[in-house]
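This report refers to the structure that appears directly beneath it.
The values are calculated or read from the model by the stated rules, or taken from the named source; none is laboratory data. This one's a predicted model, so the numbers in the text were calculated from it and none came from an experiment. Cβ placement follows ideal geometry from the backbone for every residue including glycine, while neighbour counts extend to all protein chains displayed.
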Amino acid sequence: MKPYVFLAKLSLFALIISAIPLPQILLEISPFWILLCFIYWLVYFPTQGCFFWALIIGLLVDILHGDILGQNALALILASAFIINVRQSFSVSNRSTQQVYVFVASGIYLGLFLLVYILTQGFHFSYYLLFSPLSSALFWPVIKFISLKIKH
């Protein structure tokens, strides 16, 4: 399958999942779906222009969620830079090591997201958001399994 077609399918899947209405606490602790799908694409489809695609997808997420334009894009780009640096180790690692990498990338994503949010909106956010990197790491095997099914 062509890498960009697969990225479009994964992104659409992640955007639909992230738009499902849930109770507020579940929304706050939910994984970073778009990041998980983008990590899968980065690791298993080495292509050129990944930061450009991270920018485009991040801007789509900003528009979908009504966030500050560029907030998710910046977070996705920098989390992707971390994954690109550990890509070779990631692809040959066992599941728990991959979950640690996903946890760190999600922590980078959350840190940048909160930094922009705090600088623009003030220091009032739900502390449940701090569980998102953990839930992202826990959901990594599920996303990997679903992505393999979409790929074939």
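Got at least one residue in region 77-99 being of a type outside the set (Phe, Trp, Tyr), outside any helix (DSSP H, G or I) and touching a Ser or Thr at 6+ places or on another chain (Cβ under 7 Å)?
First pass over region 77-99, keeping only residues of a type outside the set (Phe, Trp, Tyr): 77-81, 83-89, 91-99.
Next, only the ones that are outside any helix (DSSP H, G or I) stay: 86, 93-94.
Now restrict to residues that are touching a Ser or Thr at 6+ places or on another chain (Cβ under 7 Å): none.
So far as region 77-99 goes, no, none of its residues is of a type outside the set (Phe, Trp, Tyr), outside any helix (DSSP H, G or I) and touching a Ser or Thr at 6+ places or on another chain (Cβ under 7 Å).
Report, by residue number, each residue of region 62-97 that is over 21 Å from SER30 (Cβ atoms) and of a type in the set (Gly, Ala, Ser).
Passing the criteria: GLY70, ALA81, SER89, SER91, SER93, SER96.
I need every pair where a residue in region 61-86 that is under 18 Å from LEU36 (Cβ atoms) and free of Cβ contacts under 8 Å to residues at least 24 places away in the same chain has its Cβ under 7 Å from the Cβ of a residue that is charged (D, E, K, R) and part of a helix (DSSP H, G or I), sequence separation at least 6 or different chains.
From region 61-86, the pairs are ALA73/ASP62.
Quick check on region 133-152: of everything there that is modelled with pLDDT of 95 or more and of a type in the set (Gly, Ala, Ser), which residue is surrounded by the fewest Cβ atoms within 10 Å (Cβ to Cβ)?
By that ranking, first place goes to SER135.
Mind telling me which of the residues LEU119, LEU69 ends up being of a type outside the set (S, T, N, Q), farther than 23 Å from PRO3 by Cβ, exposed (fewer than 14 other Cβ atoms within 10 Å of the Cβ) and out of contact with any helix residue (DSSP H, G or I) (no Cβ under 7 Å at 6 or more places or on another chain)? First the steps, then the outcome.
Working: LEU69 fails: out of contact with any helix residue (DSSP H, G or I) (no Cβ under 7 Å at 6 or more places or on another chain).
The unique qualifying residue is LEU119.
Taking the conditions exactly as written (part of a helix (DSSP H, G or I), modelled with pLDDT of 95 or more and buried (at least 16 other Cβ atoms within 10 Å of the Cβ)), does LEU35 satisfy them or not? Working first, answer last.
Details: part of a helix (DSSP H, G or I): yes; modelled with pLDDT of 95 or more: yes; buried (at least 16 other Cβ atoms within 10 Å of the Cβ): yes.
Yes, satisfied.
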